[in-house]
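S.K.: Take a look at the following structure, please.
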Amino acid sequence: MASMCREGVCFHAEGVSKIYPGTKALDNVDFDLLTGKVNVLIGENGAGKSTLMKMIAGIEQPSEGKLYMGDEEVHFKNTSEARKHGIGIIHQELNLFPNLPVYQNIFMARERKKGMGMDNSYHKEQAAKVLERLEHPIPVDTLVGELRVGQQQMIEIARNLVEDDLKILIMDEPTSSLSEQEVQVLFKIMRELTAQGISIVYISHRLEEIMQIGDHVTILRDGKYVADAEVKDIDVPWIVKQMTGEGKSYPKKDRAIDWDKQEKVLEVKDLTLPKSGGGYLLNKVSFDLKKGEILGIYGLMGAGRTEVFECIMGLRPEHTGDIFFGDEKMDIKSISGQIDKGFALVPEDRQREGLIQSMDIGRNCSLSAMKNYTKGGFVDFELENEKVESQIKDIHIKVADKRLPILSLSGGNQQKVVIGKGLLTNPKILLMDEPSRGIDIGAKTEVFDIINQYAEQGLSIIVISSELKEIISIADRVIVLSNGLKTGELKGDEIQEETLVLASYKGHHGH
Amino acid sequence: MSANNSSNNTLAMTLLKGRTLIVLVVLLIFFSVVADNFLSMNTMLLIGKHVALYGILAIGMTYVIITGGIDLSVGAIVGLGGMVAGGLIQNGLTLNMFGVTIYFSIPLVVLITIALGAVIGLANGLIITRFNVAPFIATLGIMYVARGFANIHSKGATYSDLKGYEALGNQGWSFFGSNVAGIPVGLIILVVLAVLFSILLKKTAFGWHVFAIGGNEKAAKLSGVKVNKVKILVYMISGVCSAVVGIISSSQLAASHPATGESWEMNAIAAAVLGGTSMAGGVGTIGGTIVGAFVIGVINDGMIMCGVSEFWQMVIKGLVIIFAVVIDQFQRNLQAKMALQARNENK
């Protein structure tokens, strides 16, 4: 019986294809899931890794091909059937109930009854136990909506861990919103799980992480199997080459500009933002920005990075401290006022904060700059059209027709639309919060190209990133935030992975 | 195979988009076969007169629903607007401190009534934006307040026979309920307002901001859209539309009754939804809403002419609305499928 799982393999897909209307998302792929290993699926967006993962989890069913678990052929009609076989999944987009406390989230749909009611003391106890194991002793009565994204991710993991029968755990980009520290905790937990014989399917765009945590990689491209290998036998350039068919790497940023002589466009002095319930989100943070400079802000989750942008854009009227725009002290009133002054924001969460899903591509582009294209309240469609068209061309957004829905674009192109929307307002200062989050390598490089291209033209840019390699390759200068404090300012050769990481922990006293 | 599939989808999409119009035509044919005299000029004018009322309310409602809100106070504003206008014509405005009673000319009565609608809309908008109250609750509260004042105004009585007095120069209230060149004035106002508000929605930055807020309020705010201002304006538009309906209905009846407009908000919502406005926000057209209003009008009057009981009318209207929303959901799914397809083809 050659079709069954061979030794050391707990799940086997044979010749699976998935046909969507108009496209083959997966094309005759064979896949072995090694028992007790971290099995990494790699591929650019649209390569088919999500589709394959969804088949294993029972979310999608193969159009062709067979799935085996052990010696048995399996057909999962839905996720609960897969769950019965011990397959759990953690989605990239979190599926939590922000209105419910932590312990209810963890035990949702697997409640233990006590008489007529719920055995909540059991729920709380077990939830606390599993969170302890995850090194995130979050009080179990906290509402999930009050937690940071990183903590929410831990709750999602905890949900899968409270079941004893877990055999396969699928993790779709679990680290995309985690800090470096949280990632290390997660990896430790993954190691514990694999030691217990649990097999992990791991999807990530972060190649360094894959090298650290992965045991075996399988690479897909355009829905087809390309290669698989033991991680110990390969390196990052090899993976990139398999994924894209060509080698790509980002060199360290090094521009021959004497920044001291450049004009100062923005100066932030003693920026302070109190935290509700005591303490500070930002504590006397000061920095400046030169014309044409790319300033990086590095820090862990909750370090206060996004809050800096929120203060500058007028979303945090409770902040204290002075912000100078050129020589002028700014009176920050509203976000629309800040956009008029010449600021533009590319927010962190593309779907929730960046796009209007019900609008087409073109209108998403022109939304911020709309008032520049109106005469007496009426939109000058010709002008708007022309501007959007040239912006689309300028930053190479791949669109067939800009009247198509925004969701018809790939993640990378959606991100470019959000960036284009900011650029269309002709900003003097562009604030970008994690501009490459959740997009594939090809699109990432293109986003970097856009940043460089506009910086060359004299646009001053602040980029928040939690990826070390990314910030090193993109920033002229980096400030590091840690626990609301500025703990480092690095330029030129001082910008190294070690120095950044070191500074990012400085603000946590007693840790 | 896939090309065939996609052209099938496109055809299905076209049919789905024109579905309300198709339903309207089918209804017209159905009733003209079933009911005698249905396709007569008189019947059509009668339907037009009724549709004008729902239609104008539904225009304002469409704006509100596109921003992701709801306005339950429109029917009550119709009632209050009619009462205030009727009171001004019948009794004038008595200023006790000066011991005088002022009678306004008809154009001024109209302006005052419209201003009243705008102020009530402003109140809705302020409660929703400043105090962060859910639109459903805020407008529910205002609905009771407005309806209460409509009754307080006349202690529950009707202002009847609103002819005005020649000596006071406030005659001519019946104009808004009359016909010009055989066409009901209400219907003409509906068409004018529909054109104006359709242009406002499609061709201006304000209109786009309305769509943006309903599509994703957070993203709209971060893009610099003045969310609160736009929302307040939208509820003011709805208030003004309601006041206009108050004027027309009181004029059509030549009387103002405090209960006028009760549950009309439901007809307005139904018209908007039938016309393809998404209750989730971000999607809708004035043209669709007007067609939706006509569907409701034809069902109402057609069933009356067929002798269907009032109670069965309710059942049928309810089923039609549910059916419309189910189809709407179907269209959305198809749209998502086509977007996915386009995304994959771009790869």
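Where a number appears in this text, it was derived from the coordinates with a stated rule and is not lab data. This structure is a prediction, so every number in the text was calculated from the model and none was measured. Here the Cβ positions follow ideal geometry from the backbone for every residue, glycine too, while neighbour counts run over all protein chains shown.
S.K.: Could you give each residue of the range A:55-63 its phi-based ³J(HN,Hα) in whole Hz, using Karplus coefficients 6.51, -1.76, 1.60 with θ = phi - 60°, and x for Gly or Pro?
M.R.: 5, 5, 8, x, 6, 10, 10, x, 6
S.K.: Now for a separate question. Reachable lysines from A:LYS275, Cα under 20 Å, same-chain residues fewer than 8 places away excluded?
M.R.: A:LYS284, A:LYS486, A:LYS506
S.K.: With Cβ to Cβ distances under 11 Å as the rule, what net charge do the other residues near B:VAL78 carry (K, R +1; D, E -1)?
M.R.: That sum, taken over residues with Cβ under 11 Å, equals -1.
S.K.: Now a separate question. Give A:LYS167/A:LYS416; A:LYS49/A:LYS398; A:LYS54/A:LYS241 a once-over and call out the pairs whose C-alpha atoms are over 30 Å from each other.
M.R.: With Cα atoms farther than 30 Å apart: A:LYS167/A:LYS416.
S.K.: Dipole of the range A:254-337 (Lys/Arg Cβ +1, Asp/Glu Cβ -1, origin at the Cα centre): which of A:MET330, A:THR320, A:GLY299 lies farthest to the positive side?
M.R.: Of the candidates, A:GLY299 comes out farthest on the positive side.
S.K.: For the range A:419-462 and the range A:61-108, what is the centre-to-centre distance using only Cα atoms, to the nearest Å?
M.R.: 37 Å
S.K.: Need one number: convex hull volume per residue for the range B:78-193, Cα atoms only, in Å³.
M.R.: 140 Å³
S.K.: On a 0 to 90 degree scale, rounded to 10, what angle separates helix B:185-203 from the longest Cα axis of chain B?
M.R.: 50 degrees
S.K.: Can you tell me what the convex hull of the Cα atoms of the range A:127-240 projects to on average, as an area in nm²?
M.R.: 8.1 nm²
S.K.: Something else: What net charge is computed for the residues neighbouring B:THR285, neighbours being all others with C-beta under 12 Å from the C-beta of B:THR285, Lys and Arg scored +1, Asp and Glu -1?
M.R.: Its environment carries a net charge of +2.
S.K.: In terms of modelled amide H atoms, which long-range or inter-chain residues lie less than 5 Å from the amide H of A:ASN28?
M.R.: Residues meeting the amide H criterion: A:SER17, A:LYS18.
S.K.: Taking the range A:258-321, which GluC sites (Glu not before Pro) meet the DSSP loop condition and have no more than 15 other C-beta atoms within 10 Å?
M.R.: A:GLU263, A:GLU318
S.K.: Which net charge results when you count Lys and Arg as +1 and Asp and Glu as -1 among the other residues whose beta-carbon is under 9 Å from that of A:HIS216?
M.R.: -3
S.K.: A further question on this structure: What does the average come to when, for each residue of peptide A:338-344, you count the partner chain Cβ atoms lying within 10 Å of its Cβ?
M.R.: Mean shielding by partner chains, rounded to a whole number: 1.
S.K.: On alpha carbon coordinates alone, what is the Rg over Rh value for chain A, Rh being the Kirkwood radius?
M.R.: My calculation of the ratio gives 0.98.
S.K.: Give, in whole angstrom and from largest to smallest, the semi-axes √(5λ) of the equivalent ellipsoid of the protein assembly as shown, with λ running over the eigenvalues of the Cα gyration tensor.
M.R.: In descending order, the three semi-axes are 56, 35, 26 Å.
S.K.: Test of understanding: in a Gaussian network model of chain B with alpha carbons linked when under 10 Å, which of B:ILE327, B:ILE120, B:ILE56 would top the mean-square fluctuation ranking?
M.R.: Of B:ILE327, B:ILE120, B:ILE56, the most mobile in the Gaussian network model is B:ILE327.
S.K.: Stokes-Einstein diffusion coefficient for chain B at 10 °C in a medium of 1.306 mPa s, Rh from the Kirkwood formula over Cα pairs: what value in µm²/s?
M.R.: Value of D from the Cα-based Kirkwood radius: 74 µm²/s.
S.K.: Going through the cross-link list A:LYS24/B:LYS218; A:LYS253/A:LYS291; A:LYS291/A:LYS421, which pairs have a Cα-Cα distance over 26 Å in this structure?
M.R.: From the list (A:LYS24/B:LYS218; A:LYS253/A:LYS291; A:LYS291/A:LYS421), the Cα-Cα distance tops 26 Å for A:LYS24/B:LYS218.
S.K.: Among A:414-424, A:32-42, what's the highest-first ranking by average C-beta atoms within 10 angstrom per residue?
M.R.: With the highest mean Cβ count within 10 Å placed first, the list reads A:414-424, A:32-42.
S.K.: Treating only the Cβ atoms of Lys and Arg (+1) and Asp and Glu (-1) as charged, compute the dipole magnitude of the range B:278-347 about its Cα centre; round to the nearest 20 debye.
M.R.: Around 420 debye, computed over the range B:278-347.
S.K.: Check the straight Cα-Cα distances from A:LYS113 and name the lysines below 21 Å, setting aside those fewer than 8 residues away within the same chain.
M.R.: A:LYS84, A:LYS124, A:LYS129
S.K.: Which far-off residues, 5 or more places away or on another chain, put their amide H under 5 Å from the one on A:LEU345, with H placed in the peptide plane?
M.R.: Here A:LEU431 satisfy the definition.
S.K.: Averaged across A:401-411, how many Cβ atoms of other chains sit within 10 Å of each residue's Cβ atom?
M.R.: The mean count of partner-chain Cβ atoms within 10 Å per residue comes to 4.
S.K.: Can you list residues whose amide H is under 5 Å from A:GLY296's amide H, if they're 5+ apart or on another chain and H is modeled 1.01 Å from N?
M.R.: Under 5 Å from the amide H of A:GLY296 lie the amide H atoms of A:VAL463, A:ASP476, A:ARG477, A:VAL478, A:ILE479, each far enough along the sequence or on another chain.
S.K.: Across the residues of B:276-284, average count of Cβ atoms on other protein chains within 10 Å?
M.R.: Across the residues of B:276-284, the mean count of other-chain Cβ atoms within 10 Å is 1.
S.K.: For the range A:359-511, I need the span (max minus min coordinate) of the C-alpha atoms along each principal axis, in Å, sorted largest to smallest.
M.R.: Extents along the principal axes: 58, 32, 29 Å.
S.K.: Quote the charge dipole size of chain A about the Cα centre in Debye, to the nearest 20; the model charges only the Cβ of Lys and Arg (+1) and of Asp and Glu (-1).
M.R.: Computed charge dipole of chain A: roughly 840 debye.
S.K.: Something else now. To the nearest 20 debye, what charge dipole does the range B:54-294 have about its Cα centre, counting +1 at the Cβ of each Lys and Arg and -1 at the Cβ of each Asp and Glu?
M.R.: It comes to approximately 680 debye.
S.K.: Using 7 Å Cα-to-Cβ label points, what is the B:SER32/B:LEU46 separation (nm, one decimal)?
M.R.: For B:SER32 paired with B:LEU46, the spin-label model returns 1.8 nm.
S.K.: Right, here's the next one. Counting helices only, and only those DSSP H runs with n ≥ 4, report the 222 nm mean residue ellipticity of chain A as the sum of -39,500 (n - 2.57) divided by its residues, in deg cm²/dmol to the nearest 500.
M.R.: Rounded to the nearest 500, it is -9000 deg cm²/dmol.
S.K.: Then there's this: Calculate, for B:LYS17 and B:VAL315, the FRET efficiency according to 1/(1 + (r/R0)^6) with r their C-beta to C-beta distance and R0 35 Å; round to the nearest 0.05.
M.R.: Using R0 = 35 Å, I get an efficiency of 0.80.
S.K.: Separate question: Quick one: plug the Kirkwood hydrodynamic radius of the range A:146-207 (C-alpha pairs) into Stokes-Einstein at 10 °C, 1.306 mPa s, and report D in µm²/s.
M.R.: 131 µm²/s
S.K.: Now for a different question. Which loop-located GluC sites (Glu not before Pro) does the range A:137-196 contain, where loop means any DSSP state but H, G, I, E or B and the Cβ has at most 15 other Cβ atoms within 10 Å?
M.R.: Qualifying residues, ordered by number: A:GLU163.
S.K.: Along the charge dipole of the range A:18-140, pointing to its positive end and built from +1/-1 on Cβ of Lys, Arg, Asp and Glu, which listed residue (A:ASN120, A:LEU94, A:GLY43) has its Cα farthest out?
M.R.: A:ASN120
S.K.: Taking 8 Å as the Cα distance limit and 6 or more residues as the minimum spacing, I'd like the relative contact order of chain A as a percentage.
M.R.: Averaging sequence separation for qualifying contacts and normalising by length gives 14 percent for chain A.
S.K.: Could you give the distance between the Cα centres of the range A:252-327 and the range A:337-373, to the whole Å?
M.R.: 22 Å
S.K.: Using the basic label-point model (7 angstrom from Cα toward the beta carbon), what is the A:ASN372 to B:SER178 distance in nanometres?
M.R.: Those two pseudo-labels are separated by 5.4 nm.
S.K.: Lysines within cross-link reach of B:LYS317: Cα-Cα under 20 Å, excluding same-chain residues under 8 positions apart?
M.R.: Excluding near neighbours in sequence, the set is B:LYS49.
S.K.: Let me ask something else about it. Could you derive backbone 3J(HN,Hα) for the range B:230-246 from the dihedral phi with the Karplus parameters 6.51, -1.76 and 1.60 (θ = phi - 60°), listing whole Hz in sequence and x where the residue is Gly or Pro?
M.R.: Ordered by residue, 3J(HN,Hα) equals 4, 4, 4, 4, 5, 5, 5, 4, 5, x, 5, 4, 5, 4, 4, 5, x Hz.
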